[in-house]
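J.: Here's a structure for you.
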Amino acid sequence: MRSEMQTAASNSAALAASRQAASARAAAAAWPYGRTLYLVLNIAILVFLLAPIAIVAVFALNPTPFIQFPPVGVSLRWFEKFFASRDFMHALGFSLEVAVLTTVSATMLGACAALALARGNLPGTRLIVATMLSPLMLPAILTGLALFQTYVLLDVGRPTWGLVGGHTLVTLPYVVRTTLAVLHNFDTRLEEAARNLGASPLRTFFEVTLPLIKPGVIAGAIFAFIVSFDQFPVSLFLVSPGNETLPVTLFNYLKFDLDGTIGAASVVSIVLAFVVVIGLDRTVGLRSYVKL
């Protein structure tokens with residue numbers, strides 16, 4: 001009896017599998033161009049996302065002071081003008097300084113906050129997480145205006161540390177979110193094993209916990225640097241005359257002139273973001289954490 005039941009079950013499974021294969025073949029026969037359409041759609045989306053970058057690059061390399069397509073030639077005159085400008089170079093250096101300071105502060109605060117939220121058993125954890133992620137949901141221009149009014153009420157002016165604090169506020173959610181995502185699947189038994197083998201809490205953190213959560217921390221740091229470097233709404237309210245970031249300097253430049261210098265500055269910003277990612281890949285090894 002048992003053998004007959006097993007035979008019947010296997011026959012029913014085989015019948016179901018054959019029906020599924022037949023339905024798949026029927027679907028493929030009914031729509032033979034499905035894979036082609038899928039590839040075309042993905043390529044179209046990719047082109048749509050990369051088209052603005054291509055237009056900016058053409059604008060930066062075009063010898064004419066206006067966008068012309070197809071381009072009449074290739075020239076580096078706008079890059080020469082950008083790098084020869086004292087205002088642009090000062091703004092570029094100041095933006096890099098603010099971005100580095102913001103990345104360091106946001107990474108340290110965000111990683112510590114994520115660990116506290118994941119391990120601390122704090123009351124109202126969901127409310128705390130929602131509060132820390134709220135800058136992502138609020139318009140950045142409102143955040144900048146609120147910070148500006150706060151600094152005015154405190155009578156502190158618009159110092160560099162105030163600008164770094166504003167950038168840290170809007171970049172902190174990225175570090176918290178990416179670190180929490182890694183901690184969600186973290187095996188705490190590894191820490192317990194290290195503690196049982198005699199490791200101190202500090203040594204356990206630096207030799208066990210930190211290497212395992214490093215992918216989330218590094219990803220958050222990359223986001224923090226890029227967002228801070230290109231941050232405009234918050235910087236518009238918090239920069240002081242003579243210490244303007246590159247986006248604010250470009251905005252002021254657009255008030256009086258529009259030429260390929262804007263495109264050259266944009267290309268430089270894109271290349272810097274790309275260099276940061278490649279540099280981290282070479283030094284830290286992002287490919288060991290992310291399967292491309």
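J.: Can you pull out the residues in the stretch 141-168 that are without any contact (Cβ under 8 Å) to a residue 60 or more places away in the chain, open to solvent by 70 Å² or more (accessible area, probe 1.4 Å) and assigned to a helix (DSSP H, G or I)?
T.: Result: Leu142, Gln149, Val152, Leu153, Leu154, Trp161.
J.: Which of the residues belonging to the stretch 35-90 are of a type in the set (Phe, Trp, Tyr) and not in a helix (DSSP H, G or I)? Can you show your working first?
T.: Within the stretch 35-90, the subset of a type in the set (Phe, Trp, Tyr) is 38, 48, 59, 66, 69, 78-79, 82-83, 88.
If the condition is that a residue be of a type in the set (Phe, Trp, Tyr) and not in a helix (DSSP H, G or I), then Phe66, Phe69 are the ones that fit.
J.: Those residues that are surrounded by 15 or more Cβ atoms within 10 Å (Cβ to Cβ) and within 30 Å of the chain's Cα centre (by Cα), I need them from the stretch 68-80; list them, please.
T.: Hits for the stretch 68-80 are Trp78, Phe79.
J.: Going residue by residue through the stretch 206-222, is there one that turns out to be under 20 Å from Val104 (Cα atoms), touching a helix residue (DSSP H, G or I) at 6+ places or on another chain (Cβ under 6 Å), open to solvent by 30 Å² or more (accessible area, probe 1.4 Å) and among the hydrophobic types (A, V, I, L, M, F, W, C)?
T.: Within the stretch 206-222 (the criterion being under 20 Å from Val104 (Cα atoms), touching a helix residue (DSSP H, G or I) at 6+ places or on another chain (Cβ under 6 Å), open to solvent by 30 Å² or more (accessible area, probe 1.4 Å) and among the hydrophobic types (A, V, I, L, M, F, W, C)), the answer is yes, since at least one residue qualifies.
J.: Continuing with this model, one more query. Are any residues in the stretch 193-205 open to solvent by less than 100 Å² (accessible area, probe 1.4 Å) and of a type outside the set (Ser, Thr, Tyr), and if so, which ones? Working first, answer last.
T.: Step one: list which residues in the stretch 193-205 are open to solvent by less than 100 Å² (accessible area, probe 1.4 Å), which gives 193-194, 198-201, 204-205.
Hits for the stretch 193-205 are Ala193, Ala194, Gly198, Ala199, Pro201, Phe205.
J.: Within the stretch 223-269, work out how many residues are open to solvent by 40 Å² or more (accessible area, probe 1.4 Å) and assigned to a loop (DSSP other than H, G, I, E, B).
T.: 7
J.: Related question: Just the residues that are over 18 Å from the mean Cα position of the chain (by Cα), exposed (fewer than 15 other Cβ atoms within 10 Å of the Cβ), in a helix (DSSP H, G or I) and of a type outside the set (Lys, Arg), please, taken from the stretch 98-140.
T.: The answer is Cys112, Ala116, Thr125, Leu127, Ala130, Thr131.
J.: Let me ask another. Just checking, which of Leu236, Leu246, Leu292 is modelled with pLDDT of 75 or more, under 22 Å from the mean Cα position of the chain (by Cα) and more than 23 Å from Val58 (Cα to Cα)? Give the derivation first.
T.: Numbers: Leu246 fails: more than 23 Å from Val58 (Cα to Cα); Leu292 fails: modelled with pLDDT of 75 or more.
On inspection, the qualifying residue turns out to be Leu236.
The values are calculated or read from the model by the stated rules, or taken from the named source; none is laboratory data. Every value quoted in this text rests on a predicted model; they were computed, and no experiment measured them. Counting neighbours? That spans all protein chains shown, and the Cβs are built from the backbone with ideal geometry, glycine included. Surface accessibility is based on the protein's heavy atoms, side chains included, excluding ligands, DNA and RNA. Shrake-Rupley method; radii C 1.70, N 1.55, O 1.52, S 1.80 Å.
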